[in-house]
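Accompanying notes for the structure given below.
Just so it is clear, none of the values below were taken in a lab; they were calculated from the coordinates. Given the structure is predicted, the values throughout are model-derived calculations rather than measurements. Ideal geometry is used to build each Cβ from the backbone, glycine not excepted, and the neighbour counts take in all protein chains shown.
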Amino acid sequence: MTHQVAKGFHLNLKGMTRAGDLSSDIRQAYVRKFALAYSLTTLGFSLYFTPQEFNPKSAIPVNIGLFLIAAPHWFRNSKIPTYWLNVISQVANAGASVWICSFLGPTSHINLVAIPQFIMALMMFSGVHPRTTIAVAGLCLFQLMLPLFPFVDTWYLHKRMREPGLVVLRAILDVTIFSLSTYQFKIISESWNRLVARAEDEKELYQNQNEWRKKLLRILSHDIKEPMVHSLLAARNLKKRVSGDEASIVNQIESAQISILEMITNVELSNQELDRGASGHVKAPVVAHSVQGVLRKLGPWFESRLKEKQVTLDLSGASDEHLIHAAGDAFVYQVFMNLLSNAVKFTPRGGVVRVESRVWPDGAVAWMIRDDGVGIGPEVFVAHTTPQPGTDGERGSGLGLKIARTFADDNQIELVFLSSRLGVSHPRVRHEGAGTCVVLLQARVAGRLSSAQ
């Protein structure tokens, strides 16, 4: 079963990759289509005007410029980067516009081609090359203002078209520019609709991939946890029948099995939280927790571990009247269990772990977990995913502290770590000497449950 889920997970990732075409590729395909239409239209006009221009030194370059407007299409399979093909298209368009405006005159309306050129520039560069977009916008503004420049009124004056011809030409140019702009907006609309459809497809593929991931985690957790529970029960039965060194070995096996079950529980509960977030469900109900209530749930996890290391759990400083309000299982297993597990892990054999609680007049509540180990150091926070061995060589997943901090934040609980190695203090809680003190501090909680679990 696990193999089948893993195979489906892999195939789903492949499907997601196939569907992940970049929006820039779609946009560039429309750019090539429009650039080709623009180039062919202007070259069609040139068939009429070029015979009237008897100076090949200017007529040939301008027709080359009109041809290069479609450079993104003509050279799409070349080694020239797409960015530079788009730049060539814009520069060629601007150069041809200057020449044509000079030839036809400032009243020919040819300067209005700057409008579709600017729209095409947005399709080419917007959101990808902001500086180039600004530069091309300035170039298009220059084209739009061509009739205001004196040189346009002096070039090719002896060959300029007569006014009756310009009236007809203006109408043709206006219709052509309007058609090109309309076609551009149609292309942009189609491109947008395709991008929206593609985004929906990718969203669905991502959701399917996420479901496969969660299903895989659930099945893997079950496949590992079930035999571990049976082996743990077998180890406990075996422990009743042996003594001496053999009993010590069985205790170590039992402790290792409990650590593995603890890791699996972390994975399962994290997966449940992801399920709630992905489905948009509200978080688990908030309840009031007492120290004794939490420890009753965690008793089976720590009983053998405390006995094996001969560690004493001192609860004399804790009161069941000092309640912390948080989501049920998330707080018990993801926050408190991880912190208490770390305290036991780093307490030397025969040491003491103390759980204390306190409330202040302003309603703030704190639970403190103190151990007499070597004390937590700053390196844990720099690389807290690296497993740190305990005093007896115990190793965990390296995720406990990170998970605890994340779930504590979600429940408005401040985690404070105090030790001589950290060199930090807290205004509410003092810690002196060796070891570590972890403070779970929650400000006054109004309008929540008051009954303890």
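How large are Rg and Dmax for the range 298-374 when only the alpha carbon atoms are used, in Å?
13.1, 41
What are the residues whose amide H is under 5 Å from the amide H of residue 289, where those residues sit 5 or more places off or on another chain and H is modelled from the backbone?
For residue 289, the qualifying residues are 324, 325, 326, 453.
Please sort 359-369, 108-118, 67-77 by packing, taking for each peptide the average over its residues of neighbouring beta carbons within 10 angstrom, highest first.
Per-residue Cβ counts within 10 Å, averaged per peptide and sorted highest first, yield 108-118, 67-77, 359-369.
Given R₀ = 56 Å, FRET efficiency for residue 186-residue 211 by Cβ-Cβ distance, to 0.05?
0.90
Could you give me the ³J(HN,Hα) list for the range 183-189, computed from phi with Karplus coefficients 6.51, -1.76, 1.60 and θ = phi - 60°, whole Hz, x at Gly and Pro?
Going residue by residue, I get 4, 4, 5, 5, 5, 4, 5 Hz, with x marking Gly and Pro.
Tell me which trypsin sites (Lys or Arg not before Pro) from the range 336-367 have a DSSP coil assignment and no more than 15 other beta carbons within 10 Å of their own.
Loop-located and lightly packed - 349.
Pull out the extension gain between residue 231 and residue 148, defined as 0.36 nm times the separation in residues minus the alpha carbon to alpha carbon distance; nm, one decimal.
20.9 nm
Report ³J(HN,Hα) in whole Hz for each residue of the range 319-327, in order, from the Karplus equation J = 6.51 cos²θ - 1.76 cosθ + 1.60 where θ = phi - 60°; Gly and Pro get x.
10, 6, 7, 9, 9, 10, 9, 6, 4
Using θ = phi - 60° and the Karplus relation 6.51 cos²θ - 1.76 cosθ + 1.60, list the HN-Hα couplings for the range 77-94 in order, rounded to whole Hz, with x at every Gly or Pro.
9, 7, 8, 5, x, 4, 4, 6, 5, 5, 5, 4, 4, 5, 5, 4, 4, 5
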